[in-house]
Amino acid sequence: MRELRSALGSDLEGSSEHLNRRLRELRDAGWEIPSNKDDRQLPPDTYRVEVKGAKLWIDEERAAQQAFRPSQRVRRIVLDRDGSRCRVCGIGVGESYPGEPNAKARLTIGHRVPQERLRSRGAADDIDNWRTECSRCNETVRNELPDPEQYDEVVAEIRQLRTAELRQLSSWMQSGERSRSRLDQAYDRARNLSHNEREQLMSYLQRTLGES
Ligand SMILES: [Zn+2]
């Protein structure tokens, strides 16, 4: 990190956000650069270049890369289509992550099939390959998933469900999100209580249930 800063010069002093943005651009272009956050073996403030991607400083490579960038129009269409929810974990814009009331979700759009793979197959990039992802899922998901779900495999799994479960699934699919039961909503509210209030609530529950 120190070497990067000095290489980039004084105009970047104190601007780690700028540096992070550059790293994101490289990662979007197929570079795999784990940090200490991805690999605990790495010392803090250290990055390791594992895979080189498109050379963004060469005009043709950057142009080829940008052809795969979504336009504002595509972004809007995909976000609307997906009901402004992460298609991976289901979180909505501005909602907080379970157990982390201070971490608010930011939404972006990402490829279901990584663009590198599309390119190597000579496949066109169509809107069905874009999906809404929260920034957290967007960072981890692309390289982790071998390939997106296949229709036949999903249906094989769904055939195992009981009729009541099928009915539930059908209604979730139609409304575009998993509906939250009264119990889910109570849980959402309860886990946003302060630490002391949660303790208080837990002993209330245990007393009520005769568990203590
Ligand atoms: Zn997510």
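The values are calculated or read from the model by the stated rules, or taken from the named source; none is laboratory data. All values derive from a computational prediction rather than experimental measurement. Neighbour counts run over all protein chains shown; Cβ positions are idealised from the backbone, glycine included.
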Test of understanding: among R75, R112, R106, R85, which residue is within 21 Å of E177 (Cβ to Cβ) and in contact with a Pro (Cβ under 9 Å, 6 or more places away or on another chain)? R112
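Condition (residue is outside any helix (DSSP H, G or I) and under 20 Å from G90 (Cβ atoms)) applied to the range 183-196: is it met by at least one residue?
Going through the range 183-196, the residues outside any helix (DSSP H, G or I) turn out to be 191-194.
Subset that is under 20 Å from G90 (Cβ atoms): 191-192.
The answer is yes, given that some residue of the range 183-196 is outside any helix (DSSP H, G or I) and under 20 Å from G90 (Cβ atoms).
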Can you give me the number of residues within the range 131-151 that are more than 15 Å from the ligand (Cβ to nearest atom) and modelled with pLDDT of 75 or more? 2
Single match in R106, R87 (criterion: of a type outside the set (F, W, Y), within 14 Å of the ligand (Cβ to nearest atom) and either in contact (Cβ under 8 Å) with a residue 40 or more places away in the chain or in contact with a Gly (Cβ under 6 Å, 6 or more places away or on another chain) (or both)): R87
Only one of (1) in contact with a helix residue (DSSP H, G or I) (Cβ under 9 Å, 6 or more places away or on another chain); (2) within 16 Å of the ligand (Cβ to nearest atom); (3) at pLDDT 85 or above does not apply to G92, and that is (1)
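Based on this model, can you work out whether Q150 counts as surrounded by 10 or more Cβ atoms within 10 Å (Cβ to Cβ) and not β-branched (V, I, T)? Steps first, answer last, please.
Details: surrounded by 10 or more Cβ atoms within 10 Å (Cβ to Cβ): no; not β-branched (V, I, T): yes.
No; evaluated as a whole, the condition is false for this residue.
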Please count how many residues of the range 153-200 are out of contact with any helix residue (DSSP H, G or I) (no Cβ under 7 Å at 6 or more places or on another chain), closer than 22 Å to R81 by Cβ and among the polar types (S, T, N, Q). 4
